[in-house]
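To keep things clear, I will list the structure first and then write my remarks on it.
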Amino acid sequence: MKALDKPVGVLGGGAFGTTLAQLAARAGHRSMLWLRDPKAKALIAEGRENSRYLPGHRLEDAVELTTDLAEVADRCLLILLAIPSREFRAVSRNLGDSVRGDHVLISATKGLEQDSYLRMTEILRQETCSLKIGAISGPNLALEIMRGVPAATVVASRYDEVVRLAIAALRTPAFRVYASRDVLGVELGGAVKNVIAIAGGITRGLGYGDNTLSLLISRGLSEMTRLGARMGADPRTFSGLSGVGDLVVTAFSNLSRNHRVGLGLAKGRPIEEILDELGQVAEGVPTAGVVKDWAEETGLDLPICRGVHAILHDKASPREVLGELMALHARWEADNRRID
Amino acid sequence: MRKEDRERAVVEVVSRVVEELRQGAASKGGASIEDVLADTLFTERQRLEKAPKDRASREERGFYREVRHRLLKASTTEQVELLRRATDRFAREIVGRFDPRVYAFTTRVVPVGAGLMLNAISPLSLLSQLPDLPNLRQRVLISGATDTLMSLAKRGTVLLTPTHLSNMDSIILGYSLYLLGLPPFTYGAGLNLFTNPLLSFFMHNLGAYKVDRRKKADLYKRVLKEYATVSMEYGYHNLFFPGGTRSRSGEVESRLKLGLLGCGLRAYINNLRRRAQRPDVFIVPCTLSYGLVLEAKTLIDDHLQEAGKSRYIIEDDEFSRPRQILQFTRELISLDARIVMHVSEPLDVFGNHVLPDGTSVDARGRPLQVSRYVLTDQGPDFEEQRDGEYTREAGLAVVRRLHRDATFMSTHLLAFAVFGLLRSHTMDRDLFRFLRTADELGGVSLDDVHPALERLLEALRQRIREGRLSDGAIPFARDPQAVVAEGLRYFGTYHEPPALERRGDRLFCGDAKLLYYYRNRLSGLDLEPVIDQRLKESA
């Protein structure tokens, strides 16, 4: 593929953006990592590591750093965007000044735009002329990938070319890339699981056991699947890497930001303080509001998401919310019908 | 198509189709030439079994008998030769000049009664009975991006994609394009339209070629698509109804047949490959709106019987009865009725907005170099999967344009309001039961209709302000009283029984299915709660 004669562009110098640039380099390609902040770029360039998010992991020589977005568009055909959801539109719009019809754009951001409730690929469609668009998602804790332990992800696009290019760009002996056509399902899974992950952190913080966490994951997956199916996604997508795969790793792992938000909430700390201390974006916090609104619009009953929203935004007591969840009316497990 | 281009087009179409099928046969999983011929033989034999035993069909049977016989022991080279002959046959039939007099003797597409009329009433004598034909000029209101359409017609090839309500559409489009000073548009018309005395007269303004929907062979469909592609490459503006058939329900099309839209992209790529001087193909959606639709009764019946899918070609509707066309046209003229053709803003073959100078722009108005979309390692080229997706994107953009640019006449507005009020009076939400019993519901008071229409007009104006509907969405609706008066005048003129009639200060439903048909023009705009206040409360 001639597209890979050119460097792989990655936008966003956070943990996952840096990891994607590193993965492309490990897969034998040159990569260009774009950072907005020249100071951050200088810091990484000096030590050849992203000491803020991924300390101790030296960047491959094939990773090039830049703060020039137009240069990325000019030199790369494949561009991955790992930008926090609240800044995604602004960066996409700037990128749109330089993007051409032959560019391939892949969103690696798991989240939804807060006011519009749009997915990241929808924003790319609005802000650029690109049609060959995709999304990448899965159980991808950045630190583990940097350590080179085996992991996998899924890339979704309606275009075969996008999927093939992403696989060629990122696949290494320690990293598998699966393909999907269900862009909606993959993006929804990646966004909604963050809300369930906050609930996972809360149960851990309250000192509940693995049974409770497993219950939460199973019923959380049911909520994700029902919501996704109602919105037009393929329910099978939620049994894959971007659904249950990502949910498990996020709900169990202390490395997950959303999980850590849940831990803090369980200790009774205010959300503002937790986010301040985290210093990074926890996408599950705004997504909880979006999911609550969607549930109301579609008439779906999503009690876990509703409970997380109540804890986050209405200051409800985590213990009381979990107590209410346990007291819900009995239902059939498979289709969530109420048992009268 | 001009005579000098016709033979060239046939040769090009045959060569491309045969070559593509040869390449397909050579690729893994592709259909063999023998499979393609077997499919053609099978589907054509099925069709010919139902065809009349006349000279033309005897000749066709003879041809396919020979193909079948020779195919049994044909070498690969001979198979390709047979394929070439079958393809050439289809191509010549599609491209060839059509003589309705010959056709009337060779098929029974036209019902016997209409066939007799075909002989009895020549198009010209039929037209001479219409009072003052040039009046049509005042009847057709052409609005929207007409200047852009005319500008683009000089800069590239236009692919016009109108909504489809009635067989009258072809007449109106042909006439409108003539009024705009544009050359004839190439148009794939069903055989039944060629046999219609009135329509075939107007077909001259549309460079119509024949589409025989009874021919189901994959080979035939390939030839049709390739002909459309080649004609666009030759610079002939094309017209096709993206809904595939007349809207049975009266709604604006939401699901499109993408086949011919894809031909626009193919023509564009071919133009780039051969470095054509004017490679661009511009898609121009447009909507046609009538206060009354000639075939409304048949179409809505067909929709409600859920026969729409199987009954793709309706041959026995109002349009096959010349006297009824005459009556309808006379009544339209007596109503001083207007027909609106609204030309939408154009799109490129990828669904991007196009400026009057032919430049494509993205959603933020930034200019694009569209040839980049089809760039491969080998330069501009086809990629089947990618191109299918591009065409799907273009189709979605066409649907958005059609829905934004629909025009609503008094009959649509009045039907929507009364239908909504009648439904709000019954607790029964079953549509079919409602349609059977609506005439027994006792009607609705004008005291309810006027405020409902006021709310509806305001909701539409709001959508116009928000840019969700075009400025010309309600060109004739001044106020509720005027809508009621005009709507009733129309409904009382042509349909029997009328969809609605006034008795005292109440409006009664005379034909609920017709009322449903006309109100459907406004469906999909989420306007139901505006009429039925209960829906608003529950929302």
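Values in this text are rule-based calculations from the coordinates and carry no lab data. Quick caveat: nothing in here was measured; it's all calculated off a predicted structure. FYI the Cβ positions are ideal-geometry reconstructions off the backbone, even for glycines, and counts take in every protein chain you see.
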statement: The summed charge of the residue B:462 Cβ neighbourhood (under 11 Å; Lys/Arg +1, Asp/Glu -1) stands at +3
statement: On the formula 1/(1 + (r/R0)^6), with r taken between the Cβ atoms of residue B:15 and residue B:154 and R0 of 30 Å, the FRET efficiency rounded to 0.05 is 0.50
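Filter the chymotrypsin sites (Phe, Trp or Tyr not before Pro) in segment A:180-273 down to the DSSP loop ones having no more than 11 other Cβ atoms within 10 Å, then list what survives. Numbers along the way, then the final one.
Numbers: sites: A:208, A:238, A:252; in loops: A:208.
Loop-located and lightly packed - none at all.
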query: Once you sort the root eigenvalues of the Cα gyration tensor of segment A:1-155 as a ≥ b ≥ c, which label holds: rounded (a/c under 1.5), prolate (a/b larger than b/c) or oblate (the other case)?
result: rounded
task: Treat each spin label as a single point 7 Å out from the Cα along the C-beta direction, and report the residue B:454 to residue A:218 distance in nm.
output: 5.9 nm
Sparse-neighbourhood loop sites, trypsin sites (Lys or Arg not before Pro) in segment B:32-95 - DSSP loop, at most 12 other Cβ within 10 angstrom: B:53, B:73
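Could you give the DSSP H helices of chain A that reach 24 angstrom or more along their long axis (alpha carbon positions) and whose average Kyte-Doolittle hydropathy is no lower than -1.0?
Taking the DSSP H segments of chain A (at least 24 Å long, mean hydropathy at least -1.0), we get A:183-205, A:210-230.
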query: For segment A:84-163, what is the per residue volume of the convex hull drawn over the alpha-carbon atoms, in cubic angstrom?
result: 108 Å³
message: For segment A:278-340, which trypsin sites (Lys or Arg not before Pro) pass both filters: DSSP loop (anything but H, G, I, E, B) and at most 14 other C-beta atoms within 10 Å?
response: A:315, A:337
Principal axis dimensions, largest first and in whole angstrom, of the protein assembly as shown by Cα: 92, 77, 51
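Between residue B:274 and residue B:180, what FRET efficiency follows from the Cβ-Cβ distance if R0 is 22 Å, with the result rounded to 0.05?
So the FRET efficiency works out to roughly 0.15.
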task: Find the all-direction average of the projected area of the Cα convex hull for chain A, expressing the result in square nanometres with one decimal place.
output: 16.2 nm²
query: What nm distance separates the two modelled labels at residue A:336 and residue A:239, each placed 7 Å from Cα along Cα→Cβ?
result: 1.8 nm
- request: Please work out the FRET efficiency for the pair residue A:178 and residue B:369, using the Cβ-Cβ distance as r and a Förster radius of 41 Å; give the result to the nearest 0.05.
  value: 0.75
- prompt: For residue B:213, which sequence-distant residues (separation of 5 or more, or a different chain) have an amide H within less than 5 Å of its own amide H, given hydrogens modelled in the peptide plane?
  reply: B:191
- line: Straight-line reach check, residue A:41, cutoff 27 Å on alpha carbons, 8 or more apart in-chain or any other chain, hits among lysines -> A:6, A:110
field: Cα convex hull of segment A:155-283, projected area averaged across orientations, nm²
entry: 8.8 nm²
query: Leaving out same-chain residues fewer than 8 places away, which aspartates and glutamates sit with a Cα under 13 Å from that of residue A:193?
result: A:223, A:246, A:283
Rg and Dmax [Cα atoms of segment B:230-302; Å; Rg one decimal, Dmax integer]: 16.2, 50
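Using 0.36 nm per residue of separation minus the Cα-Cα distance, give me the extension gain between residue B:39 and residue B:481 in nm, one decimal. It would help to have the intermediate numbers written out before the result.
Values: separation 442, 0.36 × 442 = 159.12 nm, distance 5.98 nm.
In short, 153.1 nm is gained.
Which pairs break 22 Å Cα to Cα here: B:28/B:216; B:73/B:221; B:225/B:257; B:50/B:210; B:154/B:257; B:154/B:210?
Going by Cα-Cα distance, B:28/B:216; B:73/B:221; B:154/B:257; B:154/B:210 fall outside the 22 Å limit.
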- request: Taking amide H positions as placed in the peptide plane 1.01 Å from N, state which residues far from residue A:64 in sequence (5 or more) or on other chains have amide H under 5 Å from it.
  value: A:31, A:32, A:33
